[in-house]
Structures are given as structure tokens and as C-alpha cells.
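Q: Could you have a look at this structure, given as C-alpha cells, before my questions?
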Amino acid sequence: MNDKEHTMSETNGSTSPNPDEKQAGVRNIPVTIHSQYVKDISFENPHAPEALSPNLPMPELEINIGMDARSISHPKIENLYEVALSASVTAQRKSETVFIAEVVYCSTVSIGDEVPPEQHHPILLIEVPRLSFPFVRQILSTLTQQGGYPPVLLSPVDFQALYIERFRERIQDPEGENVSGEAASEKKPEKKKKAGA
């Protein structure tokens with residue numbers, strides 16, 4: 001995939017898969033997307049075909065969302081990072097695991113020199129996951145459907161609120177450690193819900 005220069009915007013959590021979409025009146029952030037790819041994917045269906053019987057109750061879902069970023073050394077590209085957005089769905093009926101679907105979707109991105117280093121961290125764990133989320137949502141939906149179940153449609157994730165919750169102390173301490181070049185991660189468990197909800 002060719003390098004793409006995109007202007008990423010702070011939005012209200014839009015899940016549009018079009019990364020070129022702009023909204024007037026928001027703060028624009030220059031980010032170059034060098035590649036996007038599935039890094040890991042798996043689907044476990046341990047009790048098929050019995051678990052696919054039509055008269056069984058819908059399973060409950062436990063969904064986890066995780067973000068991770070790491071700095072990458074490159075001789076020609078400054079401020080280069082790999083950002084991973086992971087999602088896992090575990091479906092259960094009582095104590096029996098019905099299926100487990102997992103995907104790790106990555107982007108390699110570089111941040112413009114005009115962005116202060118202290119702002120790299122929130123860009124990597126808010127803006128880039130926002131861009132990746134529609135693709136992760138689509139992949140999981142297709143994966144669960146091909147496993148023989150109703151497609152799982154992830155609810156929109158407020159990555160900004162998630163970031164604030166996780167890194168509240170760091171945000172309140174602007175003199176704290178500069179984390180622009182270190183790995184960072186966060187996982188978000190969602191409440192259990194019925195499959196296909």
C-alpha cells in the first residue's frame with residue numbers, strides 16, 4: 001500500500017472508513033499512513049457443529065478493545081510508529097465457550113514535525129485507533145458470520161474518553177515523563193451482551 005498523507009481530525013467517534021473525510025471547524029493533525037494490515041487473526045469454534053443448532057439460546061458476548069503503540073527506527077522517516085488496535089470477542093452459553101474471535105489490525109504512521117513530541121502519545125492512542133476501528137469492526141463481523149453465527153457488530157468506541165480514563169494522571173501532570181517514544185497500551189472491556197446485538 002502506498003504512503004498516504006491524511007489530515008486526521010478530532011471527531012465525535014465517527015466510524016467512516018474514509019480516512020480523507022474532513023469536518024469543518026475541527027483541529028487538523030498531519031499524519032502520514034504508510035501501511036495498514038492485519039497482523040494477527042484467529043477464530044476458535046470448539047463446539048461446532050453442535051453449537052450452531054438453531055434452537056439454542058443466543059450466547060453472551062464479552063468484548064475487549066486494546067490499543068498499543070511502539071516507536072520504529074527508520075533511516076529516512078522521522079517520528080515513525082506502529083499502532084495496533086486489537087479486538088477480541090468471546091461468546092459463552094453458561095460456562096461453555098461458543099466461539100472466540102480475535103483480530104489485531106496495525107497501521108504504520110509518521111507524525112509531522114510541526115506536532116510537539118508531547119502530543120504524539122494521544123494522537124497514537126486516540127486518532128489512529130479511530131481511523132482503524134471501522135476496518136476492525138468489518139473484519140470481526142465477517143469473521144463471526146463465516147464461523148456460522150450472526151455477525152458481531154461492535155458498538156462505536158470513544159477512544160478519547162478511554163484515553164483520558166487510562167492516562168488521567170499523566171494528563172494532569174504536564175511536567176511528567178515524555179512518552180512520545182515509548183510503547184503504550186490500553187484495553188477496554190465491554191459489558192456482556194447477546195450475540196448479534
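Q: Since LEU56 meets every condition but one in (1) modelled with pLDDT under 95; (2) crowded, with 17+ Cβ neighbours inside 10 Å; (3) among the aliphatic types (A, V, I, L, M); (4) farther than 27 Å from ILE29 by Cβ, which condition does it not meet?
A: (2)
Q: Condition test on ILE123, is it of a type outside the set (Asp, Glu), buried (at least 20 other Cβ atoms within 10 Å of the Cβ) and part of a helix (DSSP H, G or I)? Even if it seems obvious, please write down each step before you answer.
A: On the way: of a type outside the set (Asp, Glu): yes; buried (at least 20 other Cβ atoms within 10 Å of the Cβ): yes; part of a helix (DSSP H, G or I): yes.
It is true that ILE123 is of a type outside the set (Asp, Glu), buried (at least 20 other Cβ atoms within 10 Å of the Cβ) and part of a helix (DSSP H, G or I).
Q: A follow-up question, please. If I ask for residues that are closer than 16 Å to ASP68 by Cα and either part of a helix (DSSP H, G or I) or of a type in the set (S, T, N, Q) (or both), which ones from region 126-160 would you list?
A: ILE126, GLU127, VAL128, PRO129, ARG130, LEU131, SER132, PHE133, VAL136, PHE159, GLN160
Q: Of all the residues that make up region 98-119, how many are buried (at least 23 other Cβ atoms within 10 Å of the Cβ), more than 11 Å from the chain's Cα centre (by Cα) and closer than 20 Å to GLU78 by Cα?
A: Here the count works out to 2.
The values are calculated or read from the model by the stated rules, or taken from the named source; none is laboratory data. What you are looking at is a predicted structure, and each value in this text was computed from that prediction instead of being measured. Every residue, glycine among them, receives a Cβ derived from its backbone with ideal geometry; neighbour counts consider all protein chains shown.
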